[in-house]
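Enquirer: The structure under discussion is supplied below as structure tokens; questions concerning it will follow.
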Amino acid sequence: MSGPFSSVLPSGYVTIPPRTGLGADEVFPWLIDVDVFEQAVSHVNWDGVSSSLGVILGGYKFSSGAQNDEISFDVVLAAGTWTVELLHFKVPSGGIFSLYLGATSLGTIDNYAAVNTPSTLNSISGVIIPLAALYRLTLRMETKNVSSTNYGGLLQHIQFRRTA
Amino acid sequence: MRGTSTPLKTGPFSVSIPNTAGPYNTPNTGGGNVANNLMQWQVGVDVFMTPVSHTGWNTPVSSAGRLYLGTMQSSGAQNDEISFDVVLAAGTWTFELIHEQDTGIGIYTVLFNGTSIGTIDGYAAVLTTNTRSRVSGISTTSSGKLRITLRIATKNASSSGYGGRINHLKLIRTA
């Protein structure tokens, strides 16, 4: 095994061989967490935070409940295949998250539940990123479940995971 | 409130990636500075682990009703400080602190590599959890590692002490 780390470490240390064939994209992270409580790069009526006992991370960021409220975050993604996952708080007044990267729709995630259901995980997989670049993820409450009373968005966390 | 940090050390950030738009792409800004624009635009810091450096500020306290379910608390002495190392791209950044205001909390002086970029008052007449305070318009002139320090150097005239209680911090690049 050869590498920049193997020859300088004292005995007793474990050296981890790098993957072979590393390209430029391989230096980018494969897991990107987005903390949603702080300022979003852009939002429409979606900047309220509430702490809540029994909710993972201790709270959530909530929209006004109006249709088409939206919130955006900038992330740099490597070329590859990605999964985007939401940790969210489903409520009887929840809308449906429409997810976009730039102007391209990725899919939807329903934030409605008949009873309050915090810390729900839902993801959209198979997002193909052809080029490493800065991307803007937007969540917009365009529609709602027929059973829901409103278009509310309650968000606890976002994670991007590269799968290939 | 605006400020400019001291110049940062230039790092080995050169990677060979074409600066062209993809189907999902928000176009890069900054002309040919491709590597800089491929660095992350949001950097969050979990404050509950041991900081890279601190003076009297290393006590995590779990508390219900707080975002992230707790605060990292200082000893209450003047000039207590806590530091975190982050790598930031050159650009314009907003610093945001989620903190807990109370009657005995001081004023956070925010330093980037030892240079003050602004202050955030932790005092409130009554306990106020999950306060979000920002310093915007922070200009970093080159990419590299940067040490962020919060120092309780001063206090509001109404405050009874120099305490510090923080939940989380984040840097958001805006340009």
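The values are calculated or read from the model by the stated rules, or taken from the named source; none is laboratory data. Source: prediction; values computed, not measured. Neighbour counts run over all protein chains shown; Cβ positions are idealised from the backbone, glycine included. Quick note on the areas: whole protein, heavy atoms, side chains included, nothing else; ligands and nucleic acids left out. Shrake-Rupley method; radii C 1.70, N 1.55, O 1.52, S 1.80 Å.
Enquirer: How many residues does the stretch B:42-67 contain that are open to solvent by 30 Å² or more (accessible area, probe 1.4 Å), more than 9 Å from chain A (Cβ to nearest Cβ) and not hydrophobic (A, V, I, L, M, F, W, C)? Lay out the reasoning, then the answer.
Expert: We begin by selecting, within the stretch B:42-67, every residue open to solvent by 30 Å² or more (accessible area, probe 1.4 Å); these are B:44, B:46, B:48-50, B:52-56, B:58-62, B:64, B:66.
From what is left, the residues that are more than 9 Å from chain A (Cβ to nearest Cβ) are B:48-50, B:52-56, B:58-62.
From what is left, the residues that are not hydrophobic (A, V, I, L, M, F, W, C) are B:50, B:53-56, B:58-60, B:62.
Looking only at that region, the number is 9.
Enquirer: For the stretch B:139-160, what are the residues that are surrounded by 18 or more Cβ atoms within 10 Å (Cβ to Cβ), more than 11 Å from the chain's Cα centre (by Cα), modelled with pLDDT of 95 or more and not basic (K, R)?
Expert: Matches in the stretch B:139-160: B:I152, B:S159.
Enquirer: What about A:I109, is it free of Cβ contacts under 8 Å to residues at least 24 places away in the same chain and not acidic (D, E)? Talk me through it step by step, then tell me what you get.
Expert: Numbers: free of Cβ contacts under 8 Å to residues at least 24 places away in the same chain: yes; not acidic (D, E): yes.
Here the answer is yes, as A:I109 does meet what is asked.
Enquirer: Condition first: within 9 Å of chain B (Cβ to nearest Cβ), assigned to a strand (DSSP E or B) and under 18 Å from B:W41 (Cβ atoms). Now tell me which residues in the stretch A:52-88 satisfy that.
Expert: A:F73, A:D74, A:V75, A:V76, A:L77, listed by residue number.
Enquirer: What tally of residues in the stretch B:132-166 results from selecting those that are assigned to a strand (DSSP E or B), among the hydroxyl-bearing types (S, T, Y) and farther than 16 Å from B:T94 by Cα? First the steps, then the outcome.
Expert: First pass over the stretch B:132-166, keeping only residues assigned to a strand (DSSP E or B): B:132-140, B:144-154, B:163, B:165-166.
Filter once more, keeping what is among the hydroxyl-bearing types (S, T, Y): B:133, B:136, B:139-140, B:149, B:154.
Keeping just the survivors that are farther than 16 Å from B:T94 by Cα gives B:154.
Total meeting the criteria: 1.
Enquirer: Next question, about the same structure. What number of residues in the stretch A:127-150 are away from every other protein chain (no Cβ under 13 Å) and part of a strand (DSSP E or B)? Break it down into steps so the answer makes sense when it comes.
Expert: Of all residues in the stretch A:127-150, those away from every other protein chain (no Cβ under 13 Å) come to A:139-150.
The next check asks that each one be part of a strand (DSSP E or B); those that pass are A:139-143.
Of the residues in the stretch A:127-150, 5 are away from every other protein chain (no Cβ under 13 Å) and part of a strand (DSSP E or B).
Enquirer: Right, next: Take the stretch A:39-72 and flag every residue that is open to solvent by less than 70 Å² (accessible area, probe 1.4 Å) and hydrophobic (A, V, I, L, M, F, W, C). Outline the logic, then answer.
Expert: At the first step, the residues of the stretch A:39-72 found to be open to solvent by less than 70 Å² (accessible area, probe 1.4 Å) are A:39-42, A:44, A:46-52, A:54-55, A:57-61, A:63, A:65-66, A:69-72.
A:A40, A:V41, A:V44, A:W46, A:V49, A:V55, A:L57, A:A66, A:I71, listed by residue number.
Enquirer: Of all the residues that make up the stretch B:64-93, how many are free of Cβ contacts under 8 Å to residues at least 12 places away in the same chain and in contact with an Asp or Glu (Cβ under 8 Å, 6 or more places away or on another chain)? Outline the logic, then answer.
Expert: Taking the stretch B:64-93 and keeping what is free of Cβ contacts under 8 Å to residues at least 12 places away in the same chain, we get B:64, B:69.
Okay, now just the ones that are also in contact with an Asp or Glu (Cβ under 8 Å, 6 or more places away or on another chain), so none.
Of the residues in the stretch B:64-93, 0 are free of Cβ contacts under 8 Å to residues at least 12 places away in the same chain and in contact with an Asp or Glu (Cβ under 8 Å, 6 or more places away or on another chain).
Enquirer: Shifting gears a bit: For the subset of the stretch B:103-119 comprising residues that are β-branched (V, I, T) and surrounded by fewer than 21 Cβ atoms within 10 Å (Cβ to Cβ), which member is nearest to B:A90 (Cα to Cα)? Lay out the reasoning, then the answer.
Expert: Initial filter on the stretch B:103-119 (β-branched (V, I, T)): B:103, B:105, B:107, B:109-110, B:115, B:117, B:119.
From what's left, surrounded by fewer than 21 Cβ atoms within 10 Å (Cβ to Cβ): B:103, B:107, B:109, B:115, B:119.
Details: B:T103: 38, B:I107: 28, B:T109: 22, B:T115: 16, B:T119: 22 Å.
Once the filter is applied, the top-ranked residue is B:T115.
Enquirer: Then there's this: Hey, does the stretch B:150-165 have a residue that's at the interface with chain A (Cβ under 10 Å from one of its Cβ atoms), among the hydroxyl-bearing types (S, T, Y) and touching a residue at least 24 places away in the same chain (Cβ under 8 Å)?
Expert: Residues of the stretch B:150-165 that are at the interface with chain A (Cβ under 10 Å from one of its Cβ atoms), as a first pass: none.
Scanning the stretch B:150-165, I find no residue that is at the interface with chain A (Cβ under 10 Å from one of its Cβ atoms), among the hydroxyl-bearing types (S, T, Y) and touching a residue at least 24 places away in the same chain (Cβ under 8 Å), so the answer is no.
Enquirer: Can you tell me which residues in the stretch A:81-98 are surrounded by fewer than 21 Cβ atoms within 10 Å (Cβ to Cβ) and of a type in the set (A, V, I, L, M)?
Expert: Residues of the stretch A:81-98 surrounded by fewer than 21 Cβ atoms within 10 Å (Cβ to Cβ): A:81, A:83, A:85, A:87, A:92-93, A:96, A:98.
Listed by number, the residues that qualify are A:L87, A:I96.
Enquirer: So B:G70 passes all but one of these: (1) in contact with a Ser or Thr (Cβ under 8 Å, 6 or more places away or on another chain); (2) open to solvent by 20 Å² or more (accessible area, probe 1.4 Å); (3) farther than 25 Å from B:W41 by Cα; (4) within 14 Å of chain A (Cβ to nearest Cβ). Which condition number does it fail?
Expert: Answer for B:G70: the failing condition is (2).
Enquirer: Limited to the stretch A:95-118, what total is found for residues that are assigned to a strand (DSSP E or B), touching a His at 6+ places or on another chain (Cβ under 8 Å) and not aliphatic (A, V, I, L, M)?
Expert: First, the residues of the stretch A:95-118 that are assigned to a strand (DSSP E or B): A:96-101, A:104-110, A:112, A:117-118.
With the extra rule that they be touching a His at 6+ places or on another chain (Cβ under 8 Å), the set shrinks to A:97, A:109.
Okay, now just the ones that are also not aliphatic (A, V, I, L, M), so A:97.
So the answer is 1.
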